[in-house]
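Worksheet for the structure shown next.
The values are calculated or read from the model by the stated rules, or taken from the named source; none is laboratory data. Since the model is a prediction, treat every value here as computed from it, not as a measurement. We place every Cβ from the backbone using ideal geometry, glycine too, and count neighbours over all the protein chains shown. Heads up: the accessible areas ignore ligands, DNA and RNA and are worked out on the full protein's heavy atoms, side chains in. Shrake-Rupley method; radii C 1.70, N 1.55, O 1.52, S 1.80 Å.
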Amino acid sequence: MAISTTKGTLIKGIVTVVPENLEDNLTLDVLSRTDQKALVEHTGIRYRRRVLDAKASIKALFTPGINKILKELDWDKSSIDVLICVTQTASISIPSVACQLHGDLNFHQDVIAYDINSGCSGFVYGLHTVSQLLSSLDQPTRRALICCGDISSAITDDKDLSVRPIFSDAISVVALENDGGIETSGTFNLETIGSGQNAIFTAETANGRKMRLDGIDVFNYSVSHVPNNITRLLNHLSKPTTFPDLYIFHQANLVINESIRKAINLEKEKVPNSLYDFGNTASASIPLTLSTSWNKEAVSSGWILISGFGVGFSVASALVKFNPSCILPPLSIDL
Amino acid sequence: MKETDFLEFTAKELLVDANEIGLNTVFRDLPRWSSLNALIYVSRIKEEYNVMISSQQLAASKSLSDLYMLIQAVH
């Protein structure tokens, strides 16, 4: 286990953006009626978002997200020091999406901008990287935007029933601020189990690059490693499982997420999910679930536990201080 | 674990009549077998018997007896 502590960096705001267009698993034409119902019951996923324009760029989702969060927080663009994109579905691989957004939105020159190639564990990895980067900056105020997410439909083979009924298009933009404080703001447990690299991967097909997924491998790797990753983190901090106000897991599917919840013996109320309405939204899933379930009134300790897991095989959990000034319901856009 | 218990469990999970299956049943020939139902079945085996069946083990298995033996090997 790789335990890492971040200091003085807090999540200030979360905006999530989804395409307006819905697909309903109960009317998925490649399945019988009985299988449609079983699919929704067991995966927990009814609706998925899917861009109508098959050539839509991930930038078209990130751009309104960035504009919205800057407006809501009343942050000037010139106050941003770090702009990181976590995605695996950039329309072009060079230059990075972060550099493209930097140019399109006219950020100033003193900005650290690059991409992180990561999927379902990507938000937690991104949060760790950016928190450390902010702490390292030699200036009194430091701000960052982490843009996470994928247009998974761009790499979905529509006939592949392990992929199509699960994945959904979405992005999140999370605003972070570091006040130079020395108090712990997050403790991370970051792990990689590379033997699971074939559980999820992309392959070149006649129709372009498509995602391949072995559902049973993903289940086995998740259930074997995620509960241990979380309990080791809590044990390291000498915190009981009752300490976090909420557990926000990556939204894989209900079979996997419920197995993890039961393995750690958590109450259902502490583990919200956004699967029914939004499906598996890759690296946007943790911010998106927060944006649909966060209730400021229910805060007790002021700390939440987040856990991302998947493609890699990569597992990352963190206990983070959480008291954002802005968290909005998902924004639907016509795309 | 008794054979009959395993067959009853399997019939319930794969939505078939318990009288219609036996240890010699080739599970891929069952009407409800699909990649999704395979995942649900494997997750239920983990929950019920605390045995993890890998995708390689499943691919190498043909009959319910093969799966029964994988579970028995742990118990």
With the condition kept exactly as written, say whether any residue in segment A:311-334 is open to solvent by 10 Å² or more (accessible area, probe 1.4 Å), over 21 Å from A:L10 (Cβ atoms) and touching an Asp or Glu at 6+ places or on another chain (Cβ under 6 Å).
yes
Which residues, taken from segment A:196-206, are among the small types (G, A, S) and under 19 Å from A:Y125 (Cα atoms)?
A:G196
Residue check for A:V51: in a strand (DSSP E or B), more than 14 Å from chain B (Cβ to nearest Cβ) and either in contact (Cβ under 8 Å) with a residue 60 or more places away in the chain or over 30 Å from A:I193 (Cβ atoms) (or both):
no
Restricting to segment B:49-75, give me the number of residues that are under 17 Å from A:A263 (Cα atoms) and away from chain A (no Cβ under 12 Å).
1
Can you name the number of the only condition in (1) part of a strand (DSSP E or B); (2) more than 30 Å from B:L14 (Cβ to Cβ); (3) within 18 Å of the chain's Cα centre (by Cα) that A:T63 fails?
(1)
Sort out which residues of segment B:28-43 are open to solvent by less than 50 Å² (accessible area, probe 1.4 Å) and outside any loop (DSSP other than H, G, I, E, B), and write them in order of number.
B:L36, B:N37, B:A38, B:L39, B:I40, B:Y41, B:V42, B:S43
Test of understanding: among A:K7, A:K55, which residue is surrounded by fewer than 13 Cβ atoms within 10 Å (Cβ to Cβ) and of a type in the set (K, R)?
A:K55
Find the strands (runs of 3 or more DSSP E) located wholly in segment A:102-220 whose residues include 2 or more that are more than 14 Å from chain B (Cβ to nearest Cβ) and open to solvent by 10 Å² or more (accessible area, probe 1.4 Å), and list them.
A:112-116, A:142-150, A:184-192, A:200-205, A:208-213
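What number of residues in segment A:231-286 are of a type in the set (F, W, Y) and outside any helix (DSSP H, G or I)?
3
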For segment A:232-256, the count of residues that are within 27 Å of B:Y41 (Cβ to Cβ) and more than 13 Å from chain B (Cβ to nearest Cβ) equals 4
Which of the residues spanning segment A:229-245 are open to solvent by 10 Å² or more (accessible area, probe 1.4 Å), in contact (Cβ under 8 Å) with a residue 60 or more places away in the chain and closer than 14 Å to A:A263 by Cβ?
A:R232
List the residue pairs whose Cβ atoms are under 7 Å apart, where the first residue sits in segment B:22-39 and is away from chain A (no Cβ under 14 Å) and of a type in the set (A, V, I, L, M, F, W, C), the second is open to solvent by less than 30 Å² (accessible area, probe 1.4 Å) and not in a helix (DSSP H, G or I), and the two are 6 or more positions apart or on different chains.
B:L23/B:S63; B:V26/B:S63
Among the residues of segment A:246-256, the number that are open to solvent by less than 10 Å² (accessible area, probe 1.4 Å), over 15 Å from A:V124 (Cβ atoms) and touching a residue at least 60 places away in the same chain (Cβ under 8 Å) is 0
For segment B:12-27, how many residues meet the condition of being assigned to a helix (DSSP H, G or I), surrounded by fewer than 17 Cβ atoms within 10 Å (Cβ to Cβ) and of a type outside the set (D, E)?
3
Return the pair list, or none, for Cβ contacts closer than 6 Å from residues in segment A:14-35 that are in a helix (DSSP H, G or I) to residues that are of a type in the set (K, R), at least 6 apart or on different chains.
A:N25/A:R46
